[in-house]
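Undergrad: To start, I am sharing the structure in question, which I have written as structure tokens.
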């Protein structure tokens with residue numbers, strides 16, 4: 001699976017554009033993964049948004065990941081779920097999920113990454129890599145050294161999220177990330193498609209350079 005550019009939807013940061021519109025614009029720019037994230041929406045409305053985005057990502061050949069809500073992800077036919085430290089444990093989600101269902105986990109340390117891998121995660125995300133204003137509960141950034149340490153400790157795909165921009169994405173890839181997850185750097189821009197296309201080109205170039 002390709003996690004190069006992983007775009008997280010946010011209607012507030014996205015200037016009032018809907019989750020579906022943001023997803024459509026992001027995949028047009030080459031986003032490999034769309035994460036539907038909205039902690040305020042009731043389950044019924046989150047499910048409705050997921051169903052629409054599932055069609056968008058399927059047509060584009062991208063993945064749909066739902067943040068936090070395993071029930072919504074399964075009901076909508078999403079490709080997977082992303083779990084935080086306060087969500088259902090990865091081990092329990094893996095027990096419930098069907099074969100091939102993607103489970104990602106936010107981690108903040110080597111120990112947490114190793115534990116997520118042992119419990120059956122398909123990828124881990126260092127959150128936040130840098131300090132960010134996009135997530136109120138993110139806390140201080142862990143930095144590139146922590147990213148490199150996690151890269152050395154686990155063989156799972158490693159995604160970096162938090163404070164990533166076109167200006168620092170090359171450093172993030174060089175530190176060991178397989179891909180980057182962004183909110184503001186894509187959905188917060190006037191031209192979401194152009195921002196996604198530019199960021200993905202920088203990721204691909206950084207990976208080519210690291211080889």
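The values are calculated or read from the model by the stated rules, or taken from the named source; none is laboratory data. This is a predicted model, so every value here is computed, not measured. Because the Cβ atoms are built from the backbone with ideal geometry, glycine has one as well, and the counts that use them run over all protein chains shown.
Undergrad: How about region 17-31: which of its residues are within 15 Å of residue 185 (Cβ to Cβ) and touching a strand residue (DSSP E or B) at 6+ places or on another chain (Cβ under 7 Å)? So that I can check it myself, show each step before the final result.
TA: The first filter runs over region 17-31 and keeps only residues within 15 Å of residue 185 (Cβ to Cβ), leaving 22, 25-26, 29-31.
Correct list: 26, 30, 31.
Undergrad: To continue, here is another question. Only one of 40, 17, 44, 54 is within 19 Å of residue 79 (Cα to Cα) and either in contact (Cβ under 8 Å) with a residue 12 or more places away in the chain or not in a helix (DSSP H, G or I) (or both); which? Even if it seems obvious, please write down each step before you answer.
TA: On the way: 40 fails: within 19 Å of residue 79 (Cα to Cα); 17 fails: within 19 Å of residue 79 (Cα to Cα); 44 fails: either in contact (Cβ under 8 Å) with a residue 12 or more places away in the chain or not in a helix (DSSP H, G or I) (or both).
Only one candidate passes the filter, namely 54.
Undergrad: Tally time: how many residues in region 174-183 are surrounded by fewer than 24 Cβ atoms within 10 Å (Cβ to Cβ) and without any contact (Cβ under 8 Å) to a residue 60 or more places away in the chain?
TA: Of the residues in region 174-183, 3 are surrounded by fewer than 24 Cβ atoms within 10 Å (Cβ to Cβ) and without any contact (Cβ under 8 Å) to a residue 60 or more places away in the chain.
Undergrad: Would you check if residue 102 is under 28 Å from residue 170 (Cβ atoms), under 17 Å from the mean Cα position of the chain (by Cα), in contact (Cβ under 8 Å) with a residue 24 or more places away in the chain and surrounded by 16 or more Cβ atoms within 10 Å (Cβ to Cβ)? Please lay out each step first, then the result.
TA: Working: under 28 Å from residue 170 (Cβ atoms): yes; under 17 Å from the mean Cα position of the chain (by Cα): yes; in contact (Cβ under 8 Å) with a residue 24 or more places away in the chain: yes; surrounded by 16 or more Cβ atoms within 10 Å (Cβ to Cβ): yes.
Yes, satisfied.
Undergrad: Taking residue 78, is it modelled with pLDDT under 95 and over 13 Å from the mean Cα position of the chain (by Cα)?
TA: no
Undergrad: Check whether at least one residue in region 28-36 is surrounded by 15 or more Cβ atoms within 10 Å (Cβ to Cβ), assigned to a helix (DSSP H, G or I) and either on the phi > 0 side of the Ramachandran plot or touching a residue at least 60 places away in the same chain (Cβ under 8 Å) (or both), and report yes or no.
TA: From region 28-36, those surrounded by 15 or more Cβ atoms within 10 Å (Cβ to Cβ) are 28-36; that's our starting set.
Restricting the remaining residues to those that are assigned to a helix (DSSP H, G or I) gives 28.
Subset that is either on the phi > 0 side of the Ramachandran plot or touching a residue at least 60 places away in the same chain (Cβ under 8 Å) (or both): 28.
Among the residues of region 28-36, at least one is surrounded by 15 or more Cβ atoms within 10 Å (Cβ to Cβ), assigned to a helix (DSSP H, G or I) and either on the phi > 0 side of the Ramachandran plot or touching a residue at least 60 places away in the same chain (Cβ under 8 Å) (or both), which makes the answer yes.
Undergrad: Counting only residues that are modelled with pLDDT under 95 and surrounded by 22 or more Cβ atoms within 10 Å (Cβ to Cβ), how many does region 184-209 have?
TA: So the answer is 0.
Undergrad: Can residue 204 be described as out of contact with any strand residue (DSSP E or B) (no Cβ under 7 Å at 6 or more places or on another chain), in a helix (DSSP H, G or I) and under 28 Å from residue 100 (Cβ atoms)?
TA: Details: out of contact with any strand residue (DSSP E or B) (no Cβ under 7 Å at 6 or more places or on another chain): yes; in a helix (DSSP H, G or I): yes; under 28 Å from residue 100 (Cβ atoms): yes.
For residue 204, the condition - out of contact with any strand residue (DSSP E or B) (no Cβ under 7 Å at 6 or more places or on another chain), in a helix (DSSP H, G or I) and under 28 Å from residue 100 (Cβ atoms) - is met.
Undergrad: Being touching a strand residue (DSSP E or B) at 6+ places or on another chain (Cβ under 9 Å) and modelled with pLDDT of 95 or more is true for just one of 89, 98, 42. Which residue is that? Outline the logic, then answer.
TA: Working: 98 fails: touching a strand residue (DSSP E or B) at 6+ places or on another chain (Cβ under 9 Å); 42 fails: touching a strand residue (DSSP E or B) at 6+ places or on another chain (Cβ under 9 Å).
From the options 89, 98, 42, the qualifying one is 89.
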